[in-house]
Amino acid sequence: MKLARRVWIGAKSLLIGLGVTGRHLFRKPVTLQYPHEKPDASRWGGPIELRTFPETGTHDCIACNACTRICPSECIYVEGKRPEGSKKMRATLFTLDFSTCSLCGLCVDVCPTETLQYSKRYDEAMYTRPATVNDLLGPFGEDPYLTGKLK
Amino acid sequence: MLAGARDWLAGLGLGEFGATVLLGVALIMGYLTFNVLFLIWLERKVSAHIQRRFGPMEVGPHGSLQTVADMVKLLGKQILTPVATDKFVYILAPVLVFVPTLCLASLIPLSGAEAFANLPYGLVVLIALSGISVLAIFMAGWASNNKYAVLGGMRSVSQVIAYEIPILLAALSVVMIAQSLNLREIVAAQARGVPFALLQPVAAVLFFIGITAETNRAPFDIPEAESELVGGFHTEYSGMRFAMFFFAEYTNMLVLAALGATLFLGGWLGPWLPGPVWLLLKAYAIVFVMIWMRWTFPRLRFDQLMTFAWKLLIPVALVNLVITAFAVGGRR
C-alpha cells in the first residue's frame with residue numbers, strides 16, 4: 001500500500017513536470033537571433049567617447065587631464081597643444097586602454113567641458129591586445145582649432 | 001508510379017522479384033533517412049523551445065535543412081580508427097547496430113494490405129530482433145578498448161535485458177486479448193473493439209517505459225550518460241560511423257513507437273486518412289512524448305534504473321498479465 005502510494009505520488013510529479021515543460025514549449029523564446037536582431041542599446045554605457053557639439057561640429061576636449069588624474073585604472077592618456085592665439089588647449093591625442101577600463105564613469109563625471117560621454121557600443125571584441133586601445137580622436141580627423149579654421 | 005519504376009528495374013535484368021525487393025528497400029531506407037533527419041531536427045527544436053530558445057534557424061526555413069548539412073559534414077569527415085581497437089569488431093559494430101532496426105522496420109504492418117509483415121509469430125520476431133541491436137552496442141563498447149565505452153556498453157546490455165521483460169509481458173497481455181501473435185490480427189482485433197490502450201492502460205504505460213529504456217532515451221540514457229561516461233559506447237567513433245549509431249537510435253525510436261502504436265493505439269486504423277499515415281501519426285505522437293520527456297526528466301542513477309525495472313515494472317507487469325488471463329478466461 002505504501003509502495004502504491006509512493007508510485008502514485010511519483011507518477012503524478014512526473015506528469016506535473018511534463019506540464020511545466022509543455023507550457024514553456026509554446027511560449028515565446030526569450031533569446032535574440034543575434035546577428036539579425038540586436039539588443040536595445042539605448043540605455044547602455046559602453047566605452048567612453050568624445051561628444052560632438054552641434055555648434056562647433058567637433059569635440060570640446062581641452063586636454064585638462066582631469067580624466068587622466070581621476071581614472072582609477074590609469075587607462076586614459078591625453079596629450080594637448082595650444083593653438084596659436086588661443087587660451088584653451090586642444091587635445092592632440094586621446095587614447096583609452098579598454099582592456100583595463102572598468103567603465104566606472106568617473107571621467108565622464110569629472111569632465112569640465114562635458115565632452116566625455118558613454119558610447120552605445122556593446123560588442124567590443126578584438127583579436128589582439130593593441131586593438132583594445134581606442135583612439136578617441138580618430139573619428140574627428142583634422143582639428144579645426146589647430147588648423148586655424150575655428151577660433 | 002511505383003509499378004512503372006518496378007517494371008523499369010525489372011527490365012534491367014533483375015527480374016520481377018529482385019526489382020520489387022530493391023524498390024522496397026530503397027523506399028524504406030529513403031524514408032528512414034528522412035525520418036532520422038526530421039527527428040533530430042525535431043529533437044533540437046523541441047528542446048530549444050522548452051528552454052525558450054529558437055534552436056537551429058539558419059539553414060533553410062526554421063533550420064529545417066540543418067540536419068542535412070550536419071549529415072553532409074559527417075559524411076565528409078575523416079573516419080578515425082584508434083590503434084588499440086579490435087579492428088574487425090570495431091568496424092562491424094556500427095553496421096550491425098543498424099541491421100536489426102532495419103529488419104524491424106519492414107515487419108510492422110502499414111495498412112494490412114501489403115504483402116510483407118504478415119508473419120504468424122510477428123511479435124515474437126520483432127521483440128527478438130529488437131534485443132539484438134544491444135549486441136552491436138556492446139561490440140562497439142568492447143572493441144573500442146576504452147573504459148568509458150566498455151562501461152557504456154555493459155550498462156546498455158544490463159538495461160536492455162532488464163527492460164525487455166516488462167515490454168514482453170506488456171505485449172503478452174495484449175496478445176491474450178487479441179488471441180494472436182500476428183500484428184495484423186492484433187490490429188484487426190482492435191478494429192472490432194477499442195484500442196488496447198483503453199483495455200490495457202497499465203500494459204500501455206509499461207510498454208512505453210520499456211521502449212524508452214530500450215532506445216536508451218532519457219531518463220534511461222545511462223549507456224551514454226555524457227556527464228559520467230564522455231560519450232558512452234560511441235566515445236571512440238567519429239564521422240559516419242558515429243552517425244550510424246545516431247541513425248540507429250532515432251530509427252529505433254520510430255520503429256518501436258510504431259510497434260507501440262500497433263499494439264495499443266490501433267495501428268493503421270483511423271478515419272479519412274490512409275492507413276500508413278495514421279500509423280506514422282500515432283508513432284510520431286509517441287516519439288514526441290519521448291522527446292518531451294527527455295527534456296523534462298533528469299537521468300536515473302544506475303541502481304535506481306535496475307531497481308525500477310526488477311522491483312516495480314516486472315512485478316506490476318506480471319500481476320497485470322495474471323489479471324488479464326483471468327479476465328480473458330472468464331469471458332470464454
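Okay, residues lined up against (1) modelled with pLDDT under 90; (2) buried (at least 20 other Cβ atoms within 10 Å of the Cβ); (3) not in a loop (DSSP other than H, G, I, E, B):
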residue	(1), (2), (3)
B:V255	yes, yes, yes
B:A258	yes, yes, yes
B:L263	yes, yes, yes
B:G270	yes, no, no
B:V277	yes, no, yes
B:P298	yes, no, no
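Which residue, of A:K88, A:K28, is assigned to a loop (DSSP other than H, G, I, E, B), of a type in the set (D, E, K, R) and surrounded by 11 or more Cβ atoms within 10 Å (Cβ to Cβ)?
Matching residue, one of A:K88, A:K28: A:K88.
Quick grid of which residues meet (1) more than 19 Å from the chain's Cα centre (by Cα); (2) free of Cβ contacts under 8 Å to residues at least 12 places away in the same chain; (3) farther than 17 Å from B:N320 by Cα:
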{"site": "B:M176", "(1), (2), (3)": "yes, no, no"}
{"site": "B:L181", "(1), (2), (3)": "yes, no, yes"}
{"site": "B:A188", "(1), (2), (3)": "yes, no, yes"}
{"site": "B:R192", "(1), (2), (3)": "yes, yes, yes"}
{"site": "B:A213", "(1), (2), (3)": "no, no, yes"}
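Need pairs with beta-carbon distance below 7 Å; first residue over 12 Å from A:T95 (Cβ atoms) and in contact (Cβ under 8 Å) with a residue 24 or more places away in the chain and within the stretch A:62-74, second small (G, A, S) and outside any loop (DSSP other than H, G, I, E, B); sequence gap 6+ or separate chains.
Short answer, once both residue conditions are applied: A:A63/A:G80; A:A63/A:A91.
Within the set of pairs 6+ apart or on separate chains, which have a first residue in the stretch A:19-41 that is polar (S, T, N, Q), a second that is part of a loop (DSSP other than H, G, I, E, B) and modelled with pLDDT of 85 or more, and C-beta atoms under 8 Å apart?
A:T21/B:W295; A:T21/B:T296; A:T31/B:R52; A:T31/B:R53; A:T31/B:F54; A:Q33/B:F54
Just to check your reading of the model, which residue among B:P82, B:P100, B:P120 is in a loop (DSSP other than H, G, I, E, B) and under 30 Å from B:F302 (Cα atoms)?
So the residue among B:P82, B:P100, B:P120 that is in a loop (DSSP other than H, G, I, E, B) and under 30 Å from B:F302 (Cα atoms) is B:P82.
Pick from B:P109, B:P166: which is under 19 Å from B:F207 (Cβ atoms) and at pLDDT below 85?
B:P109
For B:L119, state whether it is at negative phi, away from chain A (no Cβ under 14 Å) and either over 19 Å from the mean Cα position of the chain (by Cα) or without any contact (Cβ under 8 Å) to a residue 24 or more places away in the chain (or both).
Numbers: at negative phi: yes; away from chain A (no Cβ under 14 Å): yes; either over 19 Å from the mean Cα position of the chain (by Cα) or without any contact (Cβ under 8 Å) to a residue 24 or more places away in the chain (or both): yes.
In short, yes.
Every residue, every condition in (1) in contact with a Gly (Cβ under 7 Å, 6 or more places away or on another chain); (2) more than 14 Å from chain B (Cβ to nearest Cβ), yes or no:
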{"position": "A:A4", "(1), (2)": "no, no"}
{"position": "A:G17", "(1), (2)": "no, no"}
{"position": "A:P39", "(1), (2)": "no, yes"}
{"position": "A:T58", "(1), (2)": "no, yes"}
{"position": "A:Y77", "(1), (2)": "no, yes"}
{"position": "A:T92", "(1), (2)": "yes, yes"}
{"position": "A:S99", "(1), (2)": "no, yes"}
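Condition first: out of contact with any Cys (no Cβ under 8 Å at 6 or more places or on another chain), more than 14 Å from chain A (Cβ to nearest Cβ) and of a type in the set (D, E). Can you find one or more residues in the stretch B:59-81 that meet it?
Yes, because at least one residue in the stretch B:59-81 is out of contact with any Cys (no Cβ under 8 Å at 6 or more places or on another chain), more than 14 Å from chain A (Cβ to nearest Cβ) and of a type in the set (D, E).
Among (1) within 14 Å of another protein chain (Cβ to nearest Cβ); (2) surrounded by 14 or more Cβ atoms within 10 Å (Cβ to Cβ), which single condition is B:V36 missing?
Of the numbered conditions (1) within 14 Å of another protein chain (Cβ to nearest Cβ); (2) surrounded by 14 or more Cβ atoms within 10 Å (Cβ to Cβ), the odd one out for B:V36 is (1).
The values are calculated or read from the model by the stated rules, or taken from the named source; none is laboratory data. Every value quoted in this text rests on a predicted model; they were computed, and no experiment measured them. So basically every Cβ, Gly included, is an ideal-geometry build from the backbone, and we count neighbours across all protein chains shown.
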